[in-house]
Each structure stands twice: as C-alpha cells, then as structure tokens.
Amino acid sequence: MRSFLFLIVLTVAGDLQARQVTGVISDAETGRPLAGAHVFIAGTLIGTAADEAGTFHLASVPPGRHRFVGTMLGYETSGVDTTFVGSLLHLELRLTPTVLEAGTIEVVARQDGRWQKNLERFTRQFLGASAAARAARIVNPEILDFDRAWWGRLRARASAPLVLEHDHLGYRTTYHLKEYDYTPSVLRYDGDPEFQELEPATPEQAADWRANRSAAFLGSYRHFLLSLLSDSLESQGFHLYRRPSLDRPTQSAYRFSTGPDRLISERDSAGVTLSFSGFVEIIFEPEMEEIAYLEELGTMRRPGPQVSWIKLNDGPTRIDWSGTAIDPYGITVYGYLAFERVGDELPKEYRPAGVHLKPR
C-alpha cells in the first residue's frame, strides 16, 4: 500500500518576518532531502523550489486556510490543509516515491471521435462559457481520460497536471485535478491550481489584463464572500435575500432581506461559520448578465443584474478570512455564480486596485 506523510511539525506566532512559511521536503522512505522539489499554496501565485538541503521558504503568505502542495517528478503529488493565523509556520513535507508497475502499455488514440466529443463537453463544463472562459484553453488535453454514462454523466481523470492558458486574464494555471464528476443536475470538481502570471507583449496588453482581471473579480464568488466577511455587501453592490425554496411555487415567491448578522453564527481567528436554512439569493447589480448565460438558460430576455443562489449541503460550513470555503462541497451554488467556472478563476490573493475588503 502506498502512502505519504505530509506533516506539520511546528507552528509559531512571531514578529521577525511577517507571514512566512518555511520547511523541509524529503523522501518519505529514505529521509533524503528532495532538492528541486516544488512547493506551492493551492489557488495562489505563491510557490518555490527547495534548495540542495530540501529547505524552502514562502514569503508574504496571507492568513487563512491553505493547502500546501508538494510535487516532484517520480513522486506522488500530495498536499495538506492547515489554517495559518500567526506570523511563522514551519512544515516538514515527506513525499512517497511513485511505484511504477510493469505490464502491457496500451496506447489510446486521442483522435477518436468519442474522446473528442467528451473533451469538448469537459472543456465547456470545466472552463465555463463566459467571455473569459472562451479565451482560455487546455494546453495538454491528451492527458485526460473520460468515463461517460448513457444518461449524461461524465467523469474525467488526468494522468498529469492540466496546464491552462488564460489569454483573457494573463495567467497560466497548473491544475492538479482530483475529481471531476458531471451529471445534468450537478457538477462537482476539485483540484489544486497554481497560478503564474504571463508576461504581457505590450503595455496595451498589460492594461487589458488589468481591466479583465478586475471585471472577473467583481461580482465573483470570492468577491461576494469577502464582502460578506467585511460587512460591506451594500457598498460593493450586493443585495441578499433569504428564500425558503426555489422549487415550491407557494414558497418561492417569499423572500426576506438578510445580511451577515443573520448568516454568520460565529467568528474566530481562522474565519467564520455560515449557518442558514433554505437558500440565500444574491443579486449583484453593478454588472449585467452575459449573453452567453442567457443562451445557456435558453431564454430570449434582455440581460439583467446577475442573480445567484447558495445552499448549505450538510449544515453549517466554515469560510476562512481569504473568502475560501474550507469544504469545497459544503455549499451548492446556483445561477450566475455557477456559470462562472475555472476559466474565470483568479489567484485568491488578487484584489483589484482600490478594492479593500477587510474582515469586520
């Protein structure tokens, strides 16, 4: 049985250098330092390579719940989740060598018509159909395998990290896909993305990327959660309502204005707990719906404010101070926020110029 050990050995709050993570990464079987191994924080631009002694240093780490991921050729990619609320964190990371089993090698034709159709479905569902998503592409689709059921279900596996080019936003993302499961009613996916900024070819392209990133952030799921945490929903353009149901006609017409004090049950140094029943309706008025969203709905009406709904799946769920849900499956998102997917994602430390959202 293969396993890995990815162990936190020391957490210290200190004043020497604010918000830094240091550590050592080594072979779990031999203890040998893994020089050149890569360590990154999932969902961010923060990553580094270990030196000859296997030591690494990550600077300017924002507080919150993070997944620290270690990767190296010949080893299993693995990560650990921990909450960083102090000033200094020391990690010991141990990675298990990959076991290569001898056997027959099967070559799969990636030009097969069924595989191509599955790739097209996966790309649209995974990246999304927004303007930003349509400009994104999967650089190495050949690493994907698909399982498709006749009733519309599609599962995907990746034999290596997906490499995504976000030409609209100016990022390259290395996405370590852990799960992808689509049914006509629910889409579930999870993974560890690492962002890298692309170099703009011209000052005009740099300006376009800044504008596109700002537009992608405003009204996004993270923008909503950060506005909720900072009690600045109204100033940021959000209006919230509680709704008992979206399915029952006798109840769905009722909605009640709500806010942070009625949705957050507790706060601590690591984040907050969201606790509510039914649905929360989220209306973002500063931006209109994209035409592609209306096409996806199959409606011919004019674009209106962006409307979404969220529902807790298994009771109260935790949100850290960076606006990240601790359990990726703790909240189901409907409406416009479900339309925006991986193709619209930004590093979680990104904030547009002039937008300051501090937790209350």
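In this Cβ point-charge picture (+1 for Lys and Arg, -1 for Asp and Glu), the chain has a dipole of about 940 debye about its Cα centre. For the chain, the relative contact order comes to 15 percent (Cα pairs under 8 Å, sequence separation of at least 6). Each of Gly298, Ile283, Leu346 was scored by the projection of its Cα onto the charge dipole of segment 263-352, and the greatest displacement toward the positive side belongs to Ile283; charges sit on the C-beta of Lys, Arg, Asp and Glu. With K and R counted +1 and D and E -1, the other residues having a Cβ less than 15 Å from that of Thr202 yield a net charge of -3. For segment 147-198, a crude dipole built from +1 on the beta carbon of Lys and Arg and -1 on the beta carbon of Asp and Glu, taken about the Cα centre, is about 360 debye to the nearest 20. When the chain is described by a simple charge dipole with +1 on each Lys and Arg Cβ and -1 on each Asp and Glu Cβ, the residue from Gln125, Ser265, Val39 located farthest towards its positive end is Ser265.
Distance from the Cα centre of segment 20-88 to that of segment 274-313, in angstrom? Result: 37 Å between the Cα centres.
By other beta-carbon atoms within 10 Å, ranking Asp231, Asp192 with the fewest at the front produces Asp231, Asp192. Ignoring lysines fewer than eight residues from Lys178 along the same chain, the ones with Cα atoms less than 27 angstrom from its Cα are Lys117, Lys311, Lys348. Computed over segment 219-344, the percent of Cα pairs more than 17 Å apart is 59.
Kirkwood radius, the chain, all distinct C-alpha pairs, inverse of mean reciprocal distance: 22.3 Å.
Positive contributions from Lys and Arg (+1) and negative ones from Asp and Glu (-1), summed over other residues with Cβ under 13 Å from the Cβ of Leu294, come out at -2.
Taking the charge dipole of the chain about its Cα centre, with +1 at Lys and Arg Cβ atoms and -1 at Asp and Glu Cβ atoms, the residue from Phe238, Gly70, Gln205 reaching farthest to the positive side is Phe238. Placing +1 on the Cβ of every Lys and Arg and -1 on the Cβ of every Asp and Glu, with nothing else charged, gives segment 113-197 a dipole about its Cα centre of roughly 480 debye.
The numbers here are math on the coordinates, done by the rules we state, and not lab data. Values in this document were obtained by computation on a predicted structure and should not be read as measured data. A quick note on method: Cβ atoms are made from the backbone with ideal geometry, for glycine too, and the neighbour counts reach across all protein chains shown.
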